Amino acid sequence: MDFGLVLQTDPPASQVVSLMKRAERNGFRYGWTFDSAVLWQEPFVIYSQILANTQKLHVGPMVTNPGTRTWEVTASTFATLNDMYGNRTVCGIGRGDSAMRVAGRAPNTLARLGEAIDVIRDLAEGREALVDGNPIRIPWIREGKLPVWMAAYGPKALALAGQKADGFILQLADLYLTEWMVKSVREAAVAAGRDPDTIAICVAAPAYVGEDLAHARDQCRWFGGMVGNHVADLVSRYGEHSSMVPEELTEYIKSRHGYDYSHHGRAGNPSTDFVPDEIVDRFCLLGPVEAHIEKLRALRDLGVDQFALYNMHDAREATIDAYGSDIIPMFS
C-alpha cells in the first residue's frame, strides 16, 4: 500500500513544501493538495517547488475540476512539470465543489467531466484532442505521462470513474462504503471492457494519531461536513431514500443547515457541528497506532492501493512522523 499526504495550500507556501519534504522522508510516495483558487494559494506554482525539493514524490491536486481552467492550460501545466521533473505528477479531478461554488458557479456535469478526463490526458501525453471542436496537440511534449484519477461518490460518477479514469479517489475511509464503491467502480470498468485491476484505488481521509479520542474527533469533524456537501448533492439528485445511495451515507446530513466555505477543510469548522462522533470515527482514522494499522489492513483487503492522509489539524508534524516510524513500515 502506498501513502499520500493531503494539504491545503495555505500561506506561507514554504511550509507546504516543508511538510511535503517531511512526508517523503517518512516514506510517503504522494503529495496532494486542495485546488480552490479563491480559498488557497495556487497549487501548481507550489508543485514546482515541492518537486524541486523532493526526489521521488508524485504530486497533484485532490482535486482539480474542468471548470476553473481551460483544459489545454491544465494539460500544458502538468506536462511542463513532468518535463522539468520527470513524469511525477498525477491529475486528481472531480466535478468541483469549493472551487466552483465559492465563485458562484455550479459543479460541472458528469458529461463535461468525462470529456475533460480524456482531453487532458491526451493533450498532456502529446496526443491530439478536440477542444471546443478544434483539434489541438501540444507539439513539444515528448514521452509525457499523466495518470488521471477521478473523485466520485454517487452511482453515475462511480460508473464514469470505472469507464474512464486511471484511478478512483474516495474521500472517506468507511469500510462498508469503501467496499460498495470500489465494487461499483470495478463493475463499471468490466462493463466498459477494461481490466478493473488497472484502476488505482485511493482512499483519502483525515488521520490523527493519539490516545485522546475526543480531541482527535474534534480536530477531524470538519471532514464530515466536507463529505456532507457531496452527500447533499446526491440526496437532491436521487432522493433521501433512494436505493442508489446507501443510507449509511445519507442519514447523518439530516441535521445539516447550510455550509460556510470560509472554514472549508479546517479544524473547528462551525458548519460541521451536525456531524456525530460515529461518522467521524467511520470516515477517519483516529486513535493509537494499532487502530490505524487495523483499519488500514482492512482497507487494503478491500483493494485499496493508497491511503492519502488529510493533515489539517493541530498535530501535522507528529502525525507524519508517527506514520513514518510506526505505520508505513508495516505496509512496505
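Miscellaneous remarks
- With the simple model of a label 7 Å out from the Cα in the direction of the Cβ, Val190 to Phe274 spans 3.7 nm.
- Full extension of the chain between Arg300 and Lys156 gives 49.4 nm of extra length, using 0.36 nm per residue less the Cα-Cα distance.
- Taking one quarter of the surface of the convex hull spanned by the alpha-carbon atoms of segment 110-214 gives a direction-averaged projected area of 9.3 nm².
- Straight-distance crosslink candidates among lysines, where the alpha carbon sits under 21 Å from Lys56 and sequence neighbours closer than 8 are dropped: Lys21, Lys145
- A convex hull fitted to the Cα coordinates of the chain yields 125 cubic angstrom per residue.
- Magnitude of the charge dipole, the chain, Cβ model with Lys/Arg +1 and Asp/Glu -1, debye to 20: 800 debye
- The ellipsoid that matches the Cα gyration tensor of segment 84-129 has semi-axes, each √(5λ) in whole angstrom, of 24, 15, 8, with the longest given first.
- Once the Cβ-Cβ distance of Glu211 and Phe331 is raised to the sixth power relative to R0 = 22 Å, the FRET efficiency obtained is 0.50.
- Simple spin-label estimate for Ala111 and Val73 in nanometres, 7 Å along Cα-Cβ: 2.5 nm
- Gain on full stretching of the segment that runs from Thr198 to Ile136 - 0.36 nm per residue minus C-alpha separation: 19.5 nm
- Shape box of segment 49-152 [Cα atoms, principal axes, largest first, Å]: 37, 31, 21
- Computed over the chain, relative contact order equals 19 percent, with contacts defined as Cα pairs under 8 Å that lie 6+ residues apart.
- Normalised by 2.2 N^0.38 Å, where N is the number of residues, the C-alpha radius of gyration of segment 1-83 stands at 1.04.
- Scaled radius of gyration (Cα, divided by 2.2 N^0.38 Å) that segment 119-160 gives: 1.45
- Cα-only Debye scattering, segment 92-155: base-10 log of I(q)/I(0) at q = 0.17 Å⁻¹: -0.69
- Probe 1.4 Å, protein heavy atoms only - accessible area per residue of the chain in square angstrom: 40 Å²
- For Glu290 and Gln49, the FRET efficiency from 1/(1 + (r/R0)^6), where r spans their Cβ atoms and R0 equals 41 Å, is about 0.70.
- Where both bridge residues fall in segment 1-136, DSSP classifies roughly 25% of the beta bridges as antiparallel.
- Charge dipole (the chain, unit charges on Cβ, about Cα centre) - positive-most of Ile327, Gln306, Tyr85: Tyr85
- Cross-link partners of Lys295 among lysines (Cα-Cα below 21 Å; sequence separation of 8 or more within a chain): Lys183
The values are calculated or read from the model by the stated rules, or taken from the named source; none is laboratory data. Nothing here was measured: the structure is a model prediction, and the numbers come from that model. Glycine also receives a Cβ, built like all others from the backbone with ideal geometry; neighbour counts cover every protein chain displayed. Note: areas computed on protein heavy atoms with side chains; ligands, DNA, RNA excluded. Shrake-Rupley method; radii C 1.70, N 1.55, O 1.52, S 1.80 Å.
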